[in-house]
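Reading through the structure tokens given below for one structure.
The values are calculated or read from the model by the stated rules, or taken from the named source; none is laboratory data. Predicted model only: the values in this text are computed from it and were never measured. Neighbour counts are summed over all protein chains in view; Cβ atoms, including those assigned to glycine, are modelled from backbone coordinates with ideal geometry.
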Amino acid sequence: MPIAAADPVWGGRRALVSIVVFGDFQCPYTGRVLPTLRALEAKYGPEDLRVVWKDEPLPFHGEARSTAEAANAVFALGGREAFWRFWEAALLHQGELSAASFEAWAVAAGVAQASYRRAAEQHVGRSKVEADLALAERLGVAGTPTSFVNGIELAGAQPVEKFVAVVDAELAKAKARLASGTAPDALYTTLAEANWKPPSQEAEDEPSADDKKVWNLPLAGAPARGGQSPLVTIVEFSDFQCPFCKRVAPTMKELLARYGDKLRVVWRDEPLPFHPHALPAAELAREARTEKGDAGFWAAHDALFDAQPSLADEELVALGRGLGLDSARVKSALADKRYATAIQADLDLAEDAHAEGTPHFFINGRRLVGAQPVEAFAAVIDEEIRRAEALIAAGTPRTAVYEALMKTAEKPSPGEVRQVVARSSAPFKGPAAARVVIEEFADFQCPFCARAEETLRTVTKTYGPSVKIVWRNLPFHTHSDAAAEAAAEAQHQKGNAGFWAMHDKLLEHQGDHDGDGSGLARAALDGYARDLGLDVTAFDKALDARAHAEDIDADSRAADAARIQGTPAFVIGGYYLAGAQPFERFRRVIDHVLAHGPATPSSP
């Protein structure tokens, strides 16, 4: 149950107990949660309790999804306080869910009417709702409301006493964890991992649709077993701590036995971040391969799944000893993360191929997701055998079947390709002819845009003259149009250096005065202009006349044409990246562009 920057939150980041609520604004039972959560907030306070909202609009509630999108648009524009005001209004007035009500509640929550209308027209909240729905499906959430208290599921509109009993128990556990040395920032992840019970096997084993698309998955350097010149190759992205990966391991062995030299299975590491022992286990398996080849890897593979969930470092060292590995080398591999670069390359490939979650399979490039039964694999394998035999009959050597299939397969890419209409006068930093251009669509009042700045500084420090960052305006908030005008006038007076100096001031002060945006009000803008040595008279005239409106509007038109609907958003060498993503996501895309050149619509 990840808690992300895009989630509306009440309470502190280091609260001892987190309640993640999946709800539907039109569901009457979800409506009953409102007084329960308010009572819990009053009882425990923000230091002990954090409440997180996620949307699960049910398909038979006609207004639920539109309400959820509106609520997330309000959050994007006005932050958490505005969201919770809108949230309460919607749950208290479930019989009045309509576009007119949403706009009225948004304005009452402190969001400018024009900004809300533009956000609603552009469906700013849609992607967040879709992400929540996908997460609910992965977690097996079957109805609303469903709450997770540090990972413990409470289904339905439970009475406050039920929540109190669970919260009190979790508070005691949390305090014990802190006393034993668990870092405060790791507390929620640690407790939720310990408490979480995955969906039932029956739900997990339901066949997933094969999307028929063929993906080009490289094999070089990956451990494999099975036929030397196979007709079918399965690339498996997996995690040694994942119980579903363990469940499917016997299925892979059964398939290898059934198809003999016609089948090959290739392993790719995808240790999931919420499995703390998955990465060390992957390190051990790779060390086994270094010492004993592919046979050593697969022996370690089998032993790790047999040992699951006992995968602590000392247990991994003992397991390696049982496999005949050098204990000193195993210990140093775990301590030094010797194979981290190779494992990260597998993780990058998984992300590029949209292999989200484990286990994840590509059968001659065709996707199959989850711990599926043998027959689900066999159905695809049998089709692929016939396809391979047709290639051989047409003259393709058996040793080259996989390579022949991959020639027309879609290559994984680091993101969706988006075309952005350039604006020659847009402010930038970095060399004008840098190899990688990052078009940043942002809003000076957007808190997520401010968070992205630290990552962009890391990008600049890491890649130096290889990267140019171009600022593009996409204002949604109350004061963001004026702020964009202020930055544009600073550029007009003092060039790119003037723009970035004003840029830093605006983002630094966007949250002044309790986050109401008044740090970007006109009086504040005049003060920043004086601080930066601008001609304040010319500055005032430019802002009064909206002298730079055409440039700002041109950026908004470019965003519309590129289907960019929220901030921050980045187009990196032609690849789209949405949100305040961590540096690793930028690194992956930038490295790809440096290696392969920028994307074009015809070659994603």
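The table for this structure:
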{"read-out": "Residue that is modelled with the highest pLDDT, among those in region 209-242 that are aliphatic (A, V, I, L, M) and farther than 28 Å from Gln308 by Cβ", "value": "Leu231"}
{"read-out": "Flag for Ser425 being over 21 Å from the mean Cα position of the chain (by Cα) and small (Gly, Ala, Ser)", "value": "yes"}
{"read-out": "Candidates Ala400, Ala426 - the one that is modelled with pLDDT of 95 or more, on the phi < 0 side of the Ramachandran plot, crowded, with 20+ Cβ neighbours inside 10 Å and among the small types (Gly, Ala, Ser)", "value": "Ala426"}
{"read-out": "Options Ala4, Ala100, Ala42; residue that is out of contact with any helix residue (DSSP H, G or I) (no Cβ under 8 Å at 6 or more places or on another chain), exposed (fewer than 15 other Cβ atoms within 10 Å of the Cβ), in the same structural domain as Arg117 (by TED's automatic domain parsing) and within 30 Å of Lys175 (Cα to Cα)", "value": "Ala42"}
{"read-out": "Residue ranges of helices (runs of 4 or more DSSP H) in region 518-604 with at least 2 members of a type in the set (A, V, I, L, M, F, W, C) and under 22 Å from Asp481 (Cβ atoms)", "value": "522-531, 536-545, 549-561"}
{"read-out": "Residue list for region 404-439, filter: closer than 26 Å to Ala501 by Cβ, touching a Phe, Trp or Tyr at 6+ places or on another chain (Cβ under 8 Å) and outside any strand (DSSP E or B)", "value": "Ala426, Pro427"}
{"read-out": "Pairs where the first residue, in region 130-141, is assigned by TED's automatic domain parsing to the domain that holds Asp55 and closer than 13 Å to Asp24 by Cα and the second is surrounded by fewer than 18 Cβ atoms within 10 Å (Cβ to Cβ) and of a type in the set (A, V, I, L, M, F, W, C), C-beta under 9 Å, 6+ apart", "value": "Ala136/Ala142; Val141/Ala155"}
{"read-out": "Gly62 being on the phi > 0 side of the Ramachandran plot and out of contact with any Gly (no Cβ under 7 Å at 6 or more places or on another chain)", "value": "no"}
{"read-out": "Residue in region 357-374 that is among the charged types (D, E, K, R) and over 27 Å from Arg587 (Cα atoms) present", "value": "yes"}
{"read-out": "Residues (surrounded by fewer than 16 Cβ atoms within 10 Å (Cβ to Cβ), charged (D, E, K, R), within 28 Å of the chain's Cα centre (by Cα) and in a helix (DSSP H, G or I)) located in region 309-362", "value": "Asp336"}
{"read-out": "Sole residue being modelled with pLDDT under 90 and more than 16 Å from Phe444 (Cβ to Cβ), chosen from Gln581, Gln510, Gln493", "value": "Gln581"}
{"read-out": "Helices (runs of 4 or more DSSP H) lying entirely in region 56-145 (those with 3 or more residues that are touching a strand residue (DSSP E or B) at 6+ places or on another chain (Cβ under 9 Å))", "value": "64-92, 126-139"}
{"read-out": "Count - residues of region 393-421 that are over 16 Å from Lys213 (Cα atoms), in contact (Cβ under 8 Å) with a residue 24 or more places away in the chain and not charged (D, E, K, R)", "value": "8"}
{"read-out": "Selection count where residues are aromatic (Phe, Trp, Tyr) and within 20 Å of Arg264 (Cα to Cα), scope region 274-304", "value": "2"}
{"read-out": "Only listed residue being surrounded by fewer than 22 Cβ atoms within 10 Å (Cβ to Cβ), within 21 Å of the chain's Cα centre (by Cα) and either of a type in the set (Gly, Ala, Ser) or farther than 14 Å from Val467 by Cβ (or both), chosen from Ala562, Ala569, Ala595", "value": "Ala562"}
{"read-out": "All helices (runs of 4 or more DSSP H) inside region 440-516 with 3 or more residues being closer than 26 Å to Val589 by Cα, without any contact (Cβ under 8 Å) to a residue 24 or more places away in the chain and within 29 Å of the chain's Cα centre (by Cα)", "value": "447-463"}
{"read-out": "Residues of region 246-295 classified as under 26 Å from Asp326 (Cβ atoms), hydrophobic (A, V, I, L, M, F, W, C) and without any contact (Cβ under 8 Å) to a residue 12 or more places away in the chain, total", "value": "1"}
{"read-out": "Output for region 1-40, where each listed residue is in a loop (DSSP other than H, G, I, E, B), in contact with a Leu (Cβ under 6 Å, 6 or more places away or on another chain) and farther than 25 Å from Phe102 by Cβ", "value": "Gly11, Ala15, Leu16"}
{"read-out": "Tally of residues being surrounded by 11 or more Cβ atoms within 10 Å (Cβ to Cβ), free of Cβ contacts under 8 Å to residues at least 60 places away in the same chain and in a helix (DSSP H, G or I) across region 179-189", "value": "1"}
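Per-residue answers, yes or no, for (1) polar (S, T, N, Q); (2) under 26 Å from Val317 (Cα atoms); (3) crowded, with 19+ Cβ neighbours inside 10 Å:
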site: Lys212; (1), (2), (3): no, no, no
site: Glu236; (1), (2), (3): no, yes, yes
site: Leu279; (1), (2), (3): no, yes, yes
site: Lys292; (1), (2), (3): no, yes, no
site: Ala300; (1), (2), (3): no, yes, yes
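Residue-by-condition table, conditions (1) among the acidic types (Asp, Glu); (2) more than 17 Å from Ala569 (Cα to Cα):
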{"residue": "Glu453", "(1), (2)": "yes, no"}
{"residue": "Phe476", "(1), (2)": "no, no"}
{"residue": "Glu485", "(1), (2)": "yes, yes"}
{"residue": "Ala501", "(1), (2)": "no, yes"}
